[in-house]
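Report on the structure given below.
A short reminder: the numbers here are calculations on the coordinates, not readings from a lab. This structure is a prediction, so every number in the text was calculated from the model and none was measured. For neighbour counting, all protein chains shown are included, and Cβ atoms are generated from backbone atoms with ideal geometry for every residue, glycine included.
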Amino acid sequence: MSQHESKPNSSERRRFLKTSALAAGGALYGGLVGTNAAAQVHANKMTDMQHGDKLPAPLGNPKSGRPAGYRDDYDGFSRFKPSRGNDPNSEFYLGKLVPGFRDVGAGPAPFVTPDLEKLPWKMVGGVKEFHLVPMAVEREVLPGYKLNVYGYNGSMPGPTIEVNQGDRIRIVVTNELPEDTSAHWHGFELPIQYDGASELTQNLIKPGKSFVYEFDIHEEGTFFYHSHIPMQEAFGSVGFMIVHPQKVFDPPVDRDLGLIFQNFFIEPSQSIADSWRMDWNWQTINGRSGPYTTPLVVKHGERVRIRIMNFSPMQHHPIHIHGHTFWITGHEGARIPHSAWVPRNTELVGIAQATDFEFIANNPGDWMFHCHMVHHMMNHMTRQVGPRVRPDQSVDAYLANLDQSPGVKLLNPDPGFKTPGYPQEMKGMEMKPDFMKRIWNRREVQGMRAMWPMSVMGLMTVLRVLPDDLYQIVMESDQPVEKGAVFAEIVRRFGNPSDYKSAPMMMHDMS
């Protein structure tokens, strides 16, 4: 301390240390709470930013926002507004058997897995032939944050294999991993030598070698493939395998979407998953963490199917969709008969399980879609690294001994979050401009509220239900859309405009 600095008295020092200790202890709780608090602080400082009580100018053409010629009311259930129906025993209750707009004759709706590709195939001697390559993969889970994991054909999760019931398929697996592997076709009833259960049913595939799996598909529904080496499973070796039925499922859907939920443990300053850990600090959907997950954008009134697959090593996921009630219509075993469907707002999807959700998107807006485990709704949840106020000591124990603590200056009580390469930018709302540009420069997020990235982390994404005209603006045009404009337009048409306040803009340009 220089001669010009005054020494703080005992009470001031105690208050300062108490504040510092609480801050350090709170950092251990997770990024979500810190982010929300920081967002509020920044919001209070944004007096010169865009923040007002008035809605922006109208967007789109409300008169063209609803398809013409389609039935609206189904025994008290409405395709276009939140409703339940007149009778729980009705086949239309909660939209149970309300069909989509898609014509049955058009075949099944295209299956879409955001941020993942499909595995190409070619017909060889009357057999659909696929080439699958297990390999080490670098996956960017957030802009600038890359993990070194295992996957297939350059992707983690692997590309989607899509076939039809009745197909005969051949999958040539060529191992480019630095270790032995095998491929298991999860849920398929096939000849024993092609089950892929490592040494039990086949010799392992050596590095640089290939193995051919060939079998007939008599099943239909949601399945997946994965390595049957446990540590490779924990490294990310999995992919969807979808079998379309010979007869389109009734009722037909307009959207068929797939999401793979995974967990990884990455040590601070590392990029390689630790497959021996019993806890997990990185959460991904289709290989990305929120807010880098791509929103699911659908049209108002469509029937939507979302297939959820949980390939986390040790974590179950209670999956919750805001603003809608869905029906459980299938698992990785098979399609469920209509009489056994169950309506839910939240459904627990266990490890190595797949569950199909179906619903009518009758409630316009940007709806959160997430795992409801609190520690899965944040990124890079991990123990603090670097010096702390008191290592391995609780905040309560530390505060109880403040009078006996030495007089030291705490100029930087939380340096662990400045460790090079340690992904903590989101902890205190210090999102870099380049990071945010990558988040915003996607058509799927256009017109969302300016602060939405602050609330979507880890195993979280967004279901966007848009009227037809707004869907065209967001997804089928290059028209620039002001932040919050689409959301505000939905409030104008379906909400309470007099009670709406636009979100403050971020402190730096995110466009």
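What to note about this one:
- Take the Cα of Lys63, step 7 Å toward its Cβ, do the same at Glu117, and the gap between the two points is 4.6 nm.
- Straightening the chain between Glu347 and Asp279 buys 22.3 nm, computed as 0.36 nm per residue apart minus the Cα-Cα spacing.
- The order of Val342, Val253, Val112, Val248, going from fewest to most other C-beta atoms within 10 Å of their C-beta, is Val342, Val112, Val248, Val253.
- Asn175 sits among other residues whose Cβ lies under 13 Å from its own Cβ, and their net charge, with Lys and Arg +1 and Asp and Glu -1, is -1.
- Peptide packing: for 211-224, 284-297, 93-106, the average count of neighbouring Cβ atoms within 10 Å per residue gives the ranking 284-297, 211-224, 93-106, highest mean first.
- Charge context of Lys299, other residues only, Cβ under 9 angstrom, K/R +1, D/E -1: -2
- On the basis of the beta-carbon distance and an R0 of 25 Å, Gln479 and Lys437 show a calculated FRET efficiency of 0.85.
- Cα centroid separation - the stretch 119-164 against the stretch 216-254, whole Å: 14
- Proxy reagent accessibility, fewest Cβ within 10 Å first, across Leu116, Leu55, Leu348: Leu348, Leu55, Leu116
- Separation in nanometres of the label points that stand 7 Å from Cα toward Cβ, at Lys501 and Asn148: 4.8
- Across all C-alpha atoms in the stretch 184-327, the radius of gyration and Dmax reach 17.9, 51 Å.
- Neighbourhood charge, 13 Å Cβ-Cβ cut-off, centred on Ile217 and excluding it, Lys, Arg +1 and Asp, Glu -1: -4
- Proxy reagent accessibility, fewest Cβ within 10 Å first, across Glu476, Glu179: Glu476, Glu179
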